[in-house]
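The values are calculated or read from the model by the stated rules, or taken from the named source; none is laboratory data. Bear in mind the structure is a predicted one, so any value in this text is a computation, not a measurement. Note that we place each Cβ from the backbone using ideal geometry, even for glycine, and neighbour counts take in every protein chain shown.
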Amino acid sequence: EAGVTQSPRYAVLQEGQAVSFWCDPISGHDTLYWYQQPRDQGPQLLVYFRDEAVIDNSQLPSDRFSAVRPKGTNSTLKIQSAKQGDTATYLCASSFSTGQLYFGEGSKLTVL
Amino acid sequence: QQKVQQSPESLSVPEGGMASLNCTSSDRNFQYFWWYRQHSGEGPKALMSIFSDGDKKEGRFTAHLNKASLHVSLHIRDSQPSDSALYFCAATQSSNTNKVVFGTGTRLQVLP
């Protein structure tokens, strides 16, 4: 069974540039999460979906971050006008009913 | 915002020794727990869950939950160098899939 796939693995931007991260969850998983993980810190929840619906985006910086999951399968996280403070690894995870999260390898963002 | 605090921040144990990690949730609505482990360059992987008061053992790993104090611990016996990683406690509102809040993390180093 294929795991959670994320791309790109790495991105390097200048401040003010935009970037999109893509996630393909495990087939059949209805819940998809995006986390931000600064270096050597715990993952911090940005947003999660059940099917195509946003369940909680209270920690998503809405002025520059957006996330969609239009068909309830793949998802895209976009950062507009990136800042140095956005430097982190962006983790996608999926789950179905058991509560266990399955993570991708992450997309490591560096903002110069 | 829900917080999950872990201690210690870092821990070194000799190969074959016992490692003990601690975690406390600040929100009584989040009283179901998972332990995850993250090796460098990878996404976190689930080790085990614990939802009821008391002990739960899976191989070399034993988790203990005290719901009254919202405190959970993880004990790793016969530690191996391959156990060297970041360990996260994650708290959730139920045993099913929903909002999952990760702790601050403990870095474990097992010395050969």
**Prompt:** Looking at (1) of a type outside the set (Phe, Trp, Tyr); (2) within 14 Å of another protein chain (Cβ to nearest Cβ); (3) touching a residue at least 24 places away in the same chain (Cβ under 8 Å), which is the only condition B:Ile50 fails?
**Reply:** (3)
**Request:** Return the total of residues in the range A:62-112 being assigned to a loop (DSSP other than H, G, I, E, B), away from every other protein chain (no Cβ under 14 Å) and β-branched (Val, Ile, Thr).
**Result:** 2
**Prompt:** Looking only at residues in the range B:87-112 that are surrounded by fewer than 20 Cβ atoms within 10 Å (Cβ to Cβ) and assigned to a strand (DSSP E or B), which one is farthest from the chain's Cα centre (by Cα)?
**Reply:** B:Leu111
**Asked** Regarding A:Tyr10, is this residue under 27 Å from B:Tyr32 (Cα atoms) and either modelled with pLDDT of 95 or more or touching a Lys or Arg at 6+ places or on another chain (Cβ under 7 Å) (or both)?
**Response** no
**Request:** Please go through the range B:20-39 and pick out each residue that is modelled with pLDDT of 95 or more and either surrounded by fewer than 18 Cβ atoms within 10 Å (Cβ to Cβ) or of a type in the set (Ser, Thr, Tyr) (or both).
**Result:** B:Ser20, B:Asn22, B:Thr24, B:Tyr36, B:His39
**Complete:** B:Asn66 passes all but one of the listed conditions (1) in contact with a strand residue (DSSP E or B) (Cβ under 7 Å, 6 or more places away or on another chain); (2) more than 10 Å from chain A (Cβ to nearest Cβ); (3) more than 17 Å from B:Leu47 (Cβ to Cβ); the exception is number (1)
